[in-house]
1. Roll a 1.4 Å probe over the protein heavy atoms and report the accessible area of L188 in Å², nearest 10.
2. Please list M122, M52 in order of solvent-accessible area, largest first, computed with a 1.4 Å probe with all protein chains present.
3. Scan around N201 for amide H atoms under 5 Å from its own, H built in the peptide plane at 1.01 Å from N, and keep only partners 5 or more places away or cross-chain.
4. Using the Karplus curve 6.51 cos²θ - 1.76 cosθ + 1.60 with θ = phi - 60°, work out ³J(HN,Hα) for each residue of the range 307-323 in order, rounded to whole Hz, and write x for Gly and Pro.
5. Given axes a ≥ b ≥ c from the Cα gyration tensor, I'd like to know whether the range 214-316 is rounded (a/c under 1.5), prolate (a/b larger than b/c) or oblate.
6. If R0 is 30 Å, what FRET efficiency do you get for R295 and R62 from their C-beta distance, rounded to 0.05?
7. Using θ = phi - 60° and the Karplus form 6.51 cos²θ - 1.76 cosθ + 1.60, what ³J(HN,Hα) does each residue of the range 293-305 get, whole Hz, x for Gly and Pro?
8. Using amide H atoms built in the peptide plane, which far-off residues or other-chain residues are under 5 Å from M52 H to H?
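The values are calculated or read from the model by the stated rules, or taken from the named source; none is laboratory data. Keep in mind that this is a model prediction, so the values were computed, not measured. Cβ placement follows ideal geometry from the backbone for every residue including glycine, while neighbour counts extend to all protein chains displayed. Quick note on the areas: whole protein, heavy atoms, side chains included, nothing else; ligands and nucleic acids left out. Shrake-Rupley method; radii C 1.70, N 1.55, O 1.52, S 1.80 Å.
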Amino acid sequence: MVFARTAGTRFLPDVAGADSIAVRSAATSTQAATTAPSPTEPPDEEDSMARMSFMEHLEELRKRLLLAIGGIGVAFFLCLFFSDELWDVVFGPAKAALIALKVVPPTLKLISPMDTFQIFWMKVPILFAIFLSSPWVLYQVWAFIAPGLYKKERRMAAPFVLSSAGLFILGGCFAYFIAFRYGLEFLLGLGIGKGVDPSVNVNEYYDLFVDVMLGVGIVFEIPVLLFLLTLIHVASPAFLVRHSRYAILAIVTLAAIITPTGDVFNLALFATPMIILFYVGIFASYILVLKRENRRFPWGTFFKWLGIVLTVLVVLAWLVAKYYGYHFVAHWPIFVR
């Protein structure tokens, strides 16, 4: 309140002047608040983030689950038309292992009359439908978490879907052509010459096949998982490197559960790619952090050292092949003597 003094009178309050000053002060404060940028978050990015209530999140989750299941269902009906050909693919590792062990004829044993119907017309198509529809399913995962990301982060939908689906399929291929095939031959060969007939139940064989294929395929998603944790600010490359010894212990434990054999060689065969993928995920997270901080990765130096390492490995392989009689073959273990 402002007081005005008049001649021969006491101090009187100038109410009109006080109101005008208060109005001007409030207008100035409002203008400053609207024009000043937020010191913590960019307004344009914050406004671009979708805001959803808890029930809306549940409804979105329900929608994405139904779409993912629908995609798997469509792929399942497509796979039904090729059930015989798909079973030949599933039977391939068992056939190769039995032939390598000189078991003639290479066949699986049927215990229950319903096993063939369930496996040929239900389980096998479902397994291949999961791999076939994996890009669609992983896109639904991205679509569910995308509203909580900034606009520039939502542009990574295509790289996320392609990389995650590619790693899942790559994990299935690694399990099919290397890990499961070699491990099965090792297991069946343990009883050869000891009075044990390597007769395999078709149902148990398929269960083991599914466990290894899906298990390794999911484990190959480690880089994508680490990238997502960094994207939503749950983890950082420094945190992952600092606690990498615990991650390696968990990976070896998981590999011991997934691997069909209990020997050290097969354990290393499963665990080594997982550990490599873990550090690939850390590298991808580091690239993301550099991009957030508007810094560039020294790709020139990286490719130079990568070329040096590959050259050294090629020279070592050539020396081993020349002086120790090793050579490459078109099947596992690829480099044999």
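1. Counting only protein heavy atoms, the figure is 30 Å².
2. Numbers: M122 90, M52 60 Å².
So the residues, ranked largest to smallest area, are M122, M52.
3. The answer is K109.
4. After applying 6.51 cos²θ - 1.76 cosθ + 1.60, I find x, 5, 4, 5, 5, 5, 5, 5, 5, 4, 5, 5, 5, 5, 5, 7, 9 Hz.
5. On the way: a/c = 2.58, a/b = 1.27, b/c = 2.03.
Because a/c hits 1.5 or more and a/b fails to exceed b/c, the range 214-316 counts as oblate.
6. So the FRET efficiency works out to roughly 0.15.
7. Values, residue by residue: 8, 6, 10, 10, 7, x, 4, x, 5, 4, 5, 5, 5 Hz.
8. Amide H neighbours of M52, under 5 Å, 5+ apart: none.
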